[in-house]
Structure formats: C-alpha cells, structure tokens
Amino acid sequence: MTQIQIKRAYAKVLASDGKRILVDRLWPRGLKKENAKIDLWPKEITPSTELRKWYAHDPEYWEVFQRCYKAELIKQPEILQQIREMAQQQPVTLITAAKSEEYNHVIVLKQVLEQG
C-alpha cells in the first residue's frame, strides 16, 4: 500500500514521516540541513526553473501549470519508481517550503506518484 503524505519543510519532524523527500529545487530559506532530516533530495523531479518562475504560484495559471509539470515528470520514470517503491515499504513524506497548500507542485507530484 502506498503511503505518501505532504508536509511543509518548517513543520516538526516526526517519526511517522518515514522517508522525508525534499521536492523543492531550492533549499528552504532559513532551514538548517541538520534539522530538516531529509533522506532524499531529487531535484530532477521538481518543476524546471523556467516553469517555476512562469507559474509563480498564481492560481490563474494552475491548470496549465499542472499539464506542463506532468509533462516534465514523465521524463523522470526512474526516480518516480524509486519513490513509489519506498512508499510501498514505509511512509514517505514529500517536503516542501511552498506556502500555498492548494496550488503547489507537490499536489501534482503526489497524484502522479499515486497513479503510478
């Protein structure tokens, strides 16, 4: 059974997080690496710099952003499969510094991972 959850980088680290995977291209501002307890940081499955800057978390672009990001993710089957396999063994928490809980790339990534 796949166990994937989403958590902000600044939230308290819990044992129930399981494997903590940072899914932002940039390290979260103000967060010390030793406090983050990140197990994996696969930058290749984060939105490209161009897509991230174009989108800028503007809800008006959400639908187009989702399609573009999914197209980028299709090109990364190995890391997606690795995360799916991790999630079959133990909980996996996708870590992000994104402020919006409704309009961020991690929602799209989680959907893609779960559809596997």
Task: Subset of the stretch 81-109 [crowded, with 19+ Cβ neighbours inside 10 Å and farther than 13 Å from P47 by Cα] - done: I83, M86, A87, V92, T93, L94, I95
Task: In the stretch 29-39, the residues that are buried (at least 16 other Cβ atoms within 10 Å of the Cβ) and at pLDDT 95 or above - done: I38
Open item on the list: Every residue in the stretch 14-60 that is of a type outside the set (S, T, Y), touching a Ser or Thr at 6+ places or on another chain (Cβ under 9 Å) and farther than 19 Å from E85 by Cβ, please.
Closed with: L14, D24, R25, L26, P28, R52, H57, P59
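The rows are residues; the columns are (1) modelled with pLDDT of 95 or more; (2) loosely packed, with under 12 Cβ neighbours inside 10 Å.
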{"residue": "R52", "(1), (2)": "no, no"}
{"residue": "P59", "(1), (2)": "no, yes"}
{"residue": "A71", "(1), (2)": "yes, yes"}
{"residue": "I79", "(1), (2)": "yes, no"}
- [ ] Report, by residue number, each residue of the stretch 1-25 that is part of a strand (DSSP E or B) and surrounded by fewer than 16 Cβ atoms within 10 Å (Cβ to Cβ).
- [x] Q5, R8
Task: The lone exception for L94 - which of (1) modelled with pLDDT of 95 or more; (2) more than 11 Å from V23 (Cβ to Cβ); (3) not in a helix (DSSP H, G or I) it fails - done: (2)
Task: Every pair of residues 6+ apart whose Cβ atoms lie under 8 Å, when the first sits in the stretch 42-55 and is over 17 Å from T93 (Cα atoms) while the second is surrounded by fewer than 17 Cβ atoms within 10 Å (Cβ to Cβ) and at pLDDT below 95 - done: P47/R25; T49/R25; R52/R25
TODO: Given the conditions (1) in a loop (DSSP other than H, G, I, E, B); (2) more than 16 Å from R20 (Cβ to Cβ), report the number of the one that E63 does not fulfil.
DONE: (1)
Open item on the list: Against the condition modelled with pLDDT of 95 or more, touching a strand residue (DSSP E or B) at 6+ places or on another chain (Cβ under 8 Å) and not aliphatic (A, V, I, L, M), how does R8 come out, does it pass?
Closed with: yes
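The values are calculated or read from the model by the stated rules, or taken from the named source; none is laboratory data. The structure presented is a predicted model; accordingly, all values stated were derived computationally and were not measured. Cβ: placed from backbone, ideal geometry, glycine included. Neighbour counts: every protein chain shown.
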